[in-house]
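The next block holds one structure in the form of structure tokens; read it before the comments.
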Amino acid sequence: MLAVLTAGAGTAVSAASKSKYLVNANTALKKIADIVKRRRFNAKQQHPLALENPKAQKKIDKPTAKLDELRDNLIKSPPKPLVVTDKWGTAYRAEKKSSESISASKYSNLKKMDPGYLAEELGMAKAWEPFGAEVEYLTPEELSKFEVKVVNHKLVDFEGVPVDSGDANNGKVMFVMDSSGKIYAGKQRVMEFHHSSFLAGEEVASAGELMVFDGEILSHSRKSGHYKPTPEQHEQFVSELKFSGIDLSNIAEDEVE
Amino acid sequence: MKTEKKQLKDFGGSLKTLKNGSRVAAFSSSTISQETIEYLSTKADIDNLLFHYCDFRDVDVSNLKETNVTIVSVMHGNFSNRHLQQFVSFGSLESIKLHDVKVSEENIKDFLALRPTVKFI
């Protein structure tokens, strides 16, 4: 009896400390983001591209060097994903707090984002130099409006309207699939909205582009510079669609260079 | 017959203005045709070019030398050494940013031998 009580207490303490760690890590990351944003705001008038004014360039050399160091540290040791597990070992994304948005992991073959894009939401990504593109990262609330589902063998948006990529750049929409098999799709806006925008730079089970007409998929690919998914990860997307009612076996995958 | 003038968006591009006032013609997931290059070569009001996951295929980019562009950034896609070497005569070019493209360090060295003042970011 005593042993059972001790084990129970131990589990509770372990869960509490884990949750405390996550809260602390989250707060620390938010603080770093705030500091970086404030510094960037201060240097707003003197963007690193302002080469015509050497005095202005000198002024921002110091903070830029610190920001570079911060970014390099982030690339060297990226923050651990905030994942919590319940007593059955099911993983959840920690930042999704509402019970509705929590979903269990279905796919374990996940792809991380190219580290060159780290801190792109702050305009500090190495890959976006020298333009300092500030890529939008969606909150879980905003993300729900980009979720697409299969209804009656058609791909529909969150309002039930069949997806159509006709007015998107190159006639294609980009998509990502998360570890639970949820698919999100939207139009790309260069330097503003990319594959990483949906899951705020987190790992994906699949990513690519789709040509869709009235909810019917005409072409699909794993084209994503941010994630570069493997053929196996693209297969996870194809399987998920098949399970939901869209069979892509007769639609050849577009080649990716 | 009335001929409509094509705009940047007709080639899949968009114009972005940076905080320092520089204008960037940005292309993403676009097919860059010879017509795109000819169009860009007539635009004197573009300061920088950004090609994100673009398809260059058999395009000759040397005509970009007609522009006033100072920075070219190429991310992903099939931009190759052949295209880089076509930038040798691109007089206004000051900096090049290459991210995840098929250009080796050796290719860059060859380019720098001919254009030593160009900075690779």
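The values are calculated or read from the model by the stated rules, or taken from the named source; none is laboratory data. This is a predicted model, so every value here is computed, not measured. Every residue, glycine among them, receives a Cβ derived from its backbone with ideal geometry; neighbour counts consider all protein chains shown. Protein only, heavy atoms only, side chains kept; ligands, DNA and RNA dropped before computing areas. Shrake-Rupley method; radii C 1.70, N 1.55, O 1.52, S 1.80 Å.
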| remark: For A:VAL151, the residues 5 or more places away or on another chain with a placed amide H closer than 5 Å to its own amide H are A:VAL156
| field | For A:LEU118, residues with placed amide H under 5 Å, excluding near neighbours | value | A:LYS126
| query | Magnitude of the Cβ-charge dipole of the range B:29-121, K/R +1 and D/E -1, about the Cα centre, nearest 20 debye? | reply | 220
| remark: Taking the range A:111-253, the whole-percent share of alpha-carbon pairs separated by over 18 angstrom is 53
| request: Could you check the simple spin-label distance between B:ARG57 and A:GLU136, using points 7 Å along Cα→Cβ, in nm with one decimal? | output: 3.2
| field | Counted charge near B:LEU15, where neighbours are those whose Cβ lies closer than 11 Å (Asp, Glu -1; Lys, Arg +1) | value | +2
| Equivalent ellipsoid semi-axes, the range A:108-166, via Cα gyration tensor eigenvalues times 5, rooted, Å | 31, 14, 12
| message | Calculate the FRET efficiency for A:GLU69 and A:VAL151 from the Cβ-Cβ distance with a Förster distance of 45 Å, rounded to the nearest 0.05. | response | 0.35
| remark: Carbon/sulfur accessible area of chain B, % of total, 1.4 Å probe, equals 49
